[in-house]
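Trainee: One structure, as structure tokens, below. Some questions next.
The values are calculated or read from the model by the stated rules, or taken from the named source; none is laboratory data. In this text the structure is predicted, and so the values were computed from the model without any measurement. Because the Cβ atoms are built from the backbone with ideal geometry, glycine has one as well, and the counts that use them run over all protein chains shown. Heads up: the accessible areas ignore ligands, DNA and RNA and are worked out on the full protein's heavy atoms, side chains in. Shrake-Rupley method; radii C 1.70, N 1.55, O 1.52, S 1.80 Å.
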Amino acid sequence: MNPTPAARGDLVMVLNCGSSSIKFALFDAGTLPLPREPEWKGKAQGIGGPDPTFVESDMAPVPLTLDARQPYHDALEHIRQRALARLDGRRLRAIAHRVVHGGSKYFAPARVDAAVLADLKSYIPLAPLHQPFALEAIEVLLRTRPDLPQVACFDTGFHATLPKVEQMLPLPHAAWERGLRRYGFHGLSYEYLSVALAERHGALAGRRVIAAHLGSGASLCALQDHRSIATTMGFSALDGLMMGTRTGSLDPGAVIYLMEIEKLSLEEVGHVLYHESGLLGVSGISSEPRVLLAREADDERARAALDLYVRRIVREIGALVAVMGGVDLLAFTAGVGEHSAEIRRRVCEHLSFIGLRLDATANGSHAAVISEPDSAVVVAVEPTNEEWIAARHAATLVP
């Protein structure tokens, strides 16, 4: 659906708020179709740390002075002031926010008021790494600019098409009635791929597709007819693949053991699962594959962490292939998926049993198609664009 036509030059701002960074982008919503690239973008990073910086467009990072008592609020205000300077008399039509969790109530993008904000706060326990920070930004803007429309775009929304068997958890039925189910995440990224892959690969993108969103957070999504039919993240963003600092799928007995035998508190266990595990926990070095790749020749733990990381990706791809009865297109996206030719190579090497053949030269240059012409599975690299999806939703909802 195309955005409602408006006077040329209207702008939509997108905020993607994390625990220590705020990414922003400003799109011209008066141009139809909405441009893929923003007029202005950047991020405030290192918020809460000793050396926060501000980066905009292609400029070098500059130091950012923040009040230690309210660094996040100050970073938002700095972005707001810089954005106002960019308006040059044009109307800021709306602000779109990436909100990780919409619970069992919100799947479609929603205009945010006090009541919606209260609902979204109740979902913080489902996404403690991300949900609080997006909601803090929304709350600040509701208080300081109540006239400015805000739109929440949910990472869970794209997975509303999951069949019930993929949503269910093997818990007592009363848990389902209370909202304990598999929601899926990274939905804005997968929604973008559903558009971009169709543009680049035509009818192939409507067949059996596995999209691999590999970044600091990581998940897989099986798509058919451009819709999500299975995904590796479930009730929370801890599920599925091994990640930078998160465990991915874990025997719940291990959690019980940590609490009952090792006497970790609920808060301590949460910190271990979200912040001390994954690549960082196994390696003891870093949460980033590129760092571990540089160290693996001389460090056994770095090597073990990468082996487990790749094994978990391959295992979950195999499960999705089984669910779909095959795969026609495998697409890598996000920071690691787009930029690490070596991780892609290792994953694809283990998938030769399904007829996948990787083109080493194309993979090394991060080409759009990195499989051999005779490969039974087309392998693609497709940069994601979550901000554009969020901006498009906001431009649609707010005339």
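Trainee: Kindly report the accessible area of the range 180-248 per residue (heavy atoms of protein chains, probe 1.4 Å, no ligands, DNA or RNA), in Å².
Mentor: On the way: 1810 Å² over 69 residues.
Per-residue value: 26 Å².
Trainee: What are the radius of gyration and Dmax of the chain, computed over its Cα atoms and given in Å?
Mentor: So, for the chain, Rg and Dmax equal 21.1, 64 Å respectively.
Trainee: Can you tell me how the range 59-201 classifies by the Cα gyration tensor, rounded, prolate or oblate, using a/c under 1.5 as the rounded cut?
Mentor: prolate
Trainee: Using a 1.4 Å probe on the protein heavy atoms, what percent of the accessible area of the chain belongs to carbon and sulfur? Intermediate values should be presented prior to the final figure.
Mentor: Details: 9630 of 17830 Å².
Carbon and sulfur atoms account for 54 percent of the accessible area of the chain.
Trainee: Using +1 on the beta carbon of Lys and Arg, -1 on that of Asp and Glu, and nothing else charged, what's the dipole of the chain about the Cα centre, debye to 20?
Mentor: 820
Trainee: While we're looking at this one, here's another question. Run the helix sum for the chain: -39,500 (n - 2.57) per DSSP H stretch of 4+ residues, divided by residue count, reported at 222 nm to the nearest 500 deg cm²/dmol.
Mentor: -11000 deg cm²/dmol
Trainee: So, for the range 1-136, what is the accessible surface per residue at a probe of 1.4 Å, expressed in square angstrom?
Mentor: Solvent-accessible surface per residue comes out at 48 Å².
Trainee: Something else now. What percent of all Cα-Cα pairs in the range 202-386 falls into each 10 Å bin, going from 0 up to the bin containing the maximum distance?
Mentor: Pairs per bin, as whole percents: 10, 36, 34, 16, 5, 0.
Trainee: Hey, can you grab everything whose amide H is under 5 Å from the amide H of Ala380? Only 5+ residues off in sequence or another chain; H modelled, so Pro and N-termini drop out.
Mentor: Hits under the 5 Å cutoff: Leu330, Ala331, Phe332, Ile370.
Trainee: Which shape class applies to the range 230-328: rounded if a/c is under 1.5, otherwise prolate when a/b exceeds b/c and oblate if not, where a ≥ b ≥ c are the square roots of the Cα gyration tensor eigenvalues?
Mentor: Here the range 230-328 falls in the oblate category.
Trainee: In straight Cα distance, which lysines are under 29 Å from Lys41, not counting same-chain residues fewer than 8 positions off?
Mentor: Reachable lysines: Lys23, Lys121.
Trainee: Give me the distance in nm between label points sitting 7 Å out from Cα along the Cα-to-Cβ direction at Lys164 and Arg295, one decimal.
Mentor: A separation of 4.8 nm, rounded to one decimal place.
Trainee: Express the accessible area of the range 266-399 per residue in Å², computed with a 1.4 Å probe while the remaining protein chains stay in the model.
Mentor: 45
Trainee: Assuming a ≥ b ≥ c are the square roots of the Cα gyration tensor eigenvalues, decide whether the range 299-372 counts as rounded (a/c under 1.5), prolate (otherwise, with a/b larger than b/c) or oblate.
Mentor: oblate
Trainee: Looking at the chain, what % of its DSSP beta bridges pair antiparallel, to the nearest 5?
Mentor: Restricted to the chain, the bridges split so that about 65 percent are antiparallel.
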